[in-house]
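Since the structure comes first, as structure tokens, the remarks are kept for the end.
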Amino acid sequence: MKKRVVVGLSGGVDSSVAAYLLKEQGYDVIGLFMKNWHDDTVTISDECPWLEDSNDAMLVAEKLDIPFQTVDLSEEYKERIVDYMFREYQMGRTPNPDVLCNREIKFDVFMKIALSLGADFVATGHYCRKGTFEKDGQEIHKLLAGKDPNKDQSYFLCQLSQEQLAKTLFPIGELLKPEVRKIASEQGLITAEKRDSQGLCFIGKVRLPEFLQQKLAPIDGVIVEVPASFSEYKRSQPVFSSEEEKFKYLSTKRIYTKVDGKQVGIHHGAHYFTKGQRKGLAVGGTKEPLFVIDTDVEENIIYTGQGKDHPGLYRRGLFVKNEEIHWVREDLKLAENEKMEVLARIRYRQTLEKAILHRTVSGLYVIFENPQSAITEGQFVAWYNGSELLGSGVIS
């Protein structure tokens, strides 16, 4: 019996080639398109019109001669992703919908539908790889970076579990993007030259303020510029009575008040902004561009600093609460008071940085060798051993 694989056909070149390769490898392939979004009023131009994508996915399935159907997951998507985003932004955190979309939609809701169709595996067009080995009589799956360093998407899959990985295939993980396009072109697939989709997973490019305004009303507040000479930045490190006290100090974000700087402008809602943001402030006349160094949604104030080297942007550590620590490699999970040297990143496409994980009674501290810019609450930190992603957590 051929093994059956359901491929999430998105209407893009990557999933198209994934389906082609699986068919070549002798799998019984079914193409499934996920419709997750109805509201076109907040998308910019026609960057991600689901109709065009679904049509392209259908044409690819026809060309490959595989069965195809569309599933409407917009209700689950709204509940698990969109509502979550609104809640996070309201609290002044910056969520990562793409990571969640993989955990909650593609590898949960979608996977369950695929398995109900008799699938042995689910496959996607992600640029990452899977390795499997045996340990103590148990199969263990490794989530590995894609071979194309410019396209590696392992970070977006940092919340996957062993159960999900066991049922997943990543057919293009060993290929570079130009190779993927070449295969699509040779096979006459309509998606061969199609541009990569931009913006939120499934929604496409949205104007974030307009998107958030559906739930979070605009409310004017002040923009405060904090000078690089601010006394708090000059304070010398205190003496610590314990290791944990030191980790906490390195991971705690600074608290600003209005008097720490000068008012330089007006904004329309602190919850529309995120740390490290440069665009959308509409404040001119500064020697260097202004960057958001913090937002206060309670007081509706945005704190900014001049230049990407402003000390207010940098911090050496971050904290993940117990309930938000996730290990892809559960067999490597740290026990209390254990530590581990890793490479870590706090956003997609950031180069991996040396760090040490410290597990304490209250959670996990990630202390970097070098200070990191714009560590943002609500985003995910992911840690690696070489090219293998071991785990992740929500920055608290």
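Throughout, read-outs are computed from the coordinates displayed, never taken from laboratory work. Please read these numbers as outputs of a predicted model, since none were measured by experiment. With ideal geometry, Cβ positions are generated from the backbone for all residues, glycine too; neighbour counts draw on all protein chains shown.
Worth a mention:
- Estimated inter-spin distance, residue 254 and residue 236, nm [label 7 Å along Cα→Cβ]: 1.9 nm
- From the largest down, region 314-394 spans 29, 26, 21 angstrom on the principal axes of its Cα atoms.
- Taking a ≥ b ≥ c as the square roots of the eigenvalues of the Cα gyration tensor, an a/c ratio of 1.5 or more together with a/b no larger than b/c marks the chain as oblate.
- Relative contact order [Cα under 8 Å, 6+ residues apart], region 4-213, whole percent: 29 percent
- Region 4-213 - share of DSSP beta bridges that are antiparallel (%, nearest 5): 40 percent
- Cross-link reach is defined here as a Cα-Cα straight distance under 24 Å, omitting same-chain residues fewer than 8 places apart; for residue 135 the lysines meeting it are 167, 333, 339.
- Here residue 308 is the anchor, and the aspartates and glutamates within straight C-alpha reach of less than 12 Å, apart from those fewer than 8 places off in the same chain, are 288.
- Net length available on complete extension from residue 283 to residue 70 is 72.1 nm, with 0.36 nm assigned per residue and the Cα-Cα distance removed.
- Contour excess over end-to-end distance, with Cα ends at residue 323 and residue 361 and 0.36 nm allotted per residue: 12.5 nm
- Simple label model, 7 Å out from Cα along Cβ direction - residue 133 to residue 84, nm: 3.1 nm
- Between 382, 19, 282, the GNM of the chain built on Cα springs shorter than 10 angstrom shows 282 fluctuating the most.
- DSSP finds beta bridges in the chain, and of those with both partners inside it, around 75 percent are antiparallel.
- Computed over neighbours whose Cβ is under 12 Å from that of residue 278, the net charge equals +2, Lys and Arg +1, Asp and Glu -1.
- Neighbour net charge for residue 294 - beta-carbon separation under 9 angstrom, K R +1, D E -1: +2
- Where chymotrypsin sites (Phe, Trp or Tyr not before Pro) fall in DSSP loop in region 226-303, at most 13 other Cβ within 10 Å: 240
- Listed residues 370, 94, 183: farthest to the positive end of the dipole of the chain (Cβ charges): 370
- Here the contact order of the chain, divided by its residue count and restricted to Cα pairs under 8 Å and six or more residues apart, works out to 17 percent.
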